[in-house]
1. Looking only at region 266-298, how many residues end up being open to solvent by 40 Å² or more (accessible area, probe 1.4 Å) and assigned to a helix (DSSP H, G or I)?
2. Search region 203-223 for residues being of a type in the set (Asp, Glu) and closer than 20 Å to residue 119 by Cβ, and hand back the single one that is least open to solvent (accessible area, probe 1.4 Å).
3. In this structure, is residue 15 in a helix (DSSP H, G or I), at pLDDT 80 or above, open to solvent by 40 Å² or more (accessible area, probe 1.4 Å) and not polar (S, T, N, Q)?
4. For region 35-44, indicate whether the set of residues that are more than 19 Å from residue 274 (Cα to Cα) and at pLDDT 75 or above is non-empty.
5. Being surrounded by 12 or more Cβ atoms within 10 Å (Cβ to Cβ) and modelled with pLDDT under 85 narrows it down to one residue among 157, 140; which is it?
6. Can residue 234 be described as closer than 25 Å to residue 297 by Cβ, in contact with a Ser or Thr (Cβ under 7 Å, 6 or more places away or on another chain), charged (D, E, K, R) and open to solvent by 30 Å² or more (accessible area, probe 1.4 Å)?
7. Suppose we filter 21, 10 for residues that are open to solvent by less than 50 Å² (accessible area, probe 1.4 Å), under 18 Å from residue 275 (Cα atoms) and modelled with pLDDT of 70 or more; which single one remains?
8. In region 53-61, is there at least one residue being without any contact (Cβ under 8 Å) to a residue 60 or more places away in the chain, of a type in the set (Asp, Glu) and surrounded by 14 or more Cβ atoms within 10 Å (Cβ to Cβ)?
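The values are calculated or read from the model by the stated rules, or taken from the named source; none is laboratory data. On a predicted model such as this, the values are computed, not experimentally measured, just so you know. Neighbour counts are summed over all protein chains in view; Cβ atoms, including those assigned to glycine, are modelled from backbone coordinates with ideal geometry. Each accessible area value is taken on the protein alone, full model and side chains, heavy atoms only, with ligands, DNA and RNA left out. Shrake-Rupley method; radii C 1.70, N 1.55, O 1.52, S 1.80 Å.
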Amino acid sequence: MHRFVFQRVSGILIVLVLVLSLTFLMLQAIPGGPELAYLGVNPTPEKRAAVLSQLGLDKPLWSQYLHFVGNALTLDLGVSLTTQRPVSEILGQHVPVTLELGLTSLVVWTVIGLISGFVAAARRGGLIDGAVRVVTVTGLSIPSFWLGTVCVVVFGLYVRGVLPSSGWVSFGEDPVGNLKSLVLPAFTLGMGSAAIIARTLRASLVEQLDSDHVMFGRAMGLTERRLLGRVALRNSVIPTVTVVGLMLGLFISGTVLIENVFNVPGLGQLIVKSFASQDYPVAIACTLFTALVFLVSNLVVDLLYYAINPRLRAQYSSMGRGSR
């Protein structure tokens, strides 16, 4: 177990440094620089040099990079270049919105996907199975930004007053209004992911139902309900858990499009604004948070995979005995 966790955590740290490095290089490649927000029109060379010194941009590139990575790894997020507010304070306003949207979408659409996949496998070849497959293919085929735009047009022009087509209401301000403002973004964000979960679980269950050990159970007189719930489902959960875990990172990153379509003041909208204004500290913090969500969700999936997969536990147990 310790060897398994050590390998996964080491991989997370390596990936995190790579993400930070790529972010730094991309920001450096953008024409202009953050000093433009301070210099104004036709700045003097003296003013330009003073601003560059203030922001630390007069140092060599490698020095800027080491300072940047060191601050990021120690969670020293700094101050926004455009608003002069602490970056941690800015994230504190936007991250809860994204987490509420992402986690709500994940929970609701995961339940829908699991139920749909289970029912389709239990009734495979029938009308329900065909309907689930058609709906899931449709959900996978529709781009989320297009679906979001359609929702904005329909509920903003033709079905007014039912659900807000854009904007956001916090839960503390109005719980009912918060729920209404959550419906359309959550629907748009999660429909495709529910289709992936449903198809993954169905395919795994169908494969298990055709396996030799399930056929042996049938020969021994076990009912289909018992075989499906006790035998096939237990083995089918392993690949499905992997998919569900990855969905959390996709929900957080997917908010970049959805929040801008529905004008939701979350992390996705903040990412776009920070890169557009070349606000380096905010852009770095947003990228770091998104990467951490992906990496932590992957770590949780790996730990669950280890807990429910006896073959993986046996493999690492034998590796531990071999090292001794």
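1. Applying the first criterion (open to solvent by 40 Å² or more (accessible area, probe 1.4 Å)) to region 266-298 yields 272-273, 275-277, 289, 292, 294, 296, 298.
Filter again for assigned to a helix (DSSP H, G or I), leaving 272-273, 275-276, 289, 292, 294, 296, 298.
The number of residues fulfilling the criteria is 9.
2. Step one: filter region 203-223 for residues of a type in the set (Asp, Glu), giving 207, 210, 212.
Still in the list and also closer than 20 Å to residue 119 by Cβ: 207, 210.
Working: 207: 127, 210: 86 Å².
Ranking the qualifying residues of region 203-223, first place goes to 210.
3. Details: in a helix (DSSP H, G or I): yes; at pLDDT 80 or above: yes; open to solvent by 40 Å² or more (accessible area, probe 1.4 Å): yes; not polar (S, T, N, Q): yes.
For residue 15, the condition - in a helix (DSSP H, G or I), at pLDDT 80 or above, open to solvent by 40 Å² or more (accessible area, probe 1.4 Å) and not polar (S, T, N, Q) - is met.
4. To start, the set of residues in region 35-44 that are more than 19 Å from residue 274 (Cα to Cα) comprises 41-44.
Checking which are at pLDDT 75 or above leaves us with none.
Among the residues of region 35-44, not one is more than 19 Å from residue 274 (Cα to Cα) and at pLDDT 75 or above, which makes the answer no.
5. Details: 157 fails: surrounded by 12 or more Cβ atoms within 10 Å (Cβ to Cβ).
The conditions single out 140.
6. On the way: closer than 25 Å to residue 297 by Cβ: yes; in contact with a Ser or Thr (Cβ under 7 Å, 6 or more places away or on another chain): no; charged (D, E, K, R): yes; open to solvent by 30 Å² or more (accessible area, probe 1.4 Å): yes.
For residue 234, the condition - closer than 25 Å to residue 297 by Cβ, in contact with a Ser or Thr (Cβ under 7 Å, 6 or more places away or on another chain), charged (D, E, K, R) and open to solvent by 30 Å² or more (accessible area, probe 1.4 Å) - is not met.
7. Working: 10 fails: under 18 Å from residue 275 (Cα atoms).
It is 21.
8. Just the residues of region 53-61 that are without any contact (Cβ under 8 Å) to a residue 60 or more places away in the chain, to begin with: 53-61.
Imposing the further condition that a residue be of a type in the set (Asp, Glu) reduces the set to 58.
Restricting the remaining residues to those that are surrounded by 14 or more Cβ atoms within 10 Å (Cβ to Cβ) gives 58.
Yes, there is a match, as at least one residue in region 53-61 is without any contact (Cβ under 8 Å) to a residue 60 or more places away in the chain, of a type in the set (Asp, Glu) and surrounded by 14 or more Cβ atoms within 10 Å (Cβ to Cβ).
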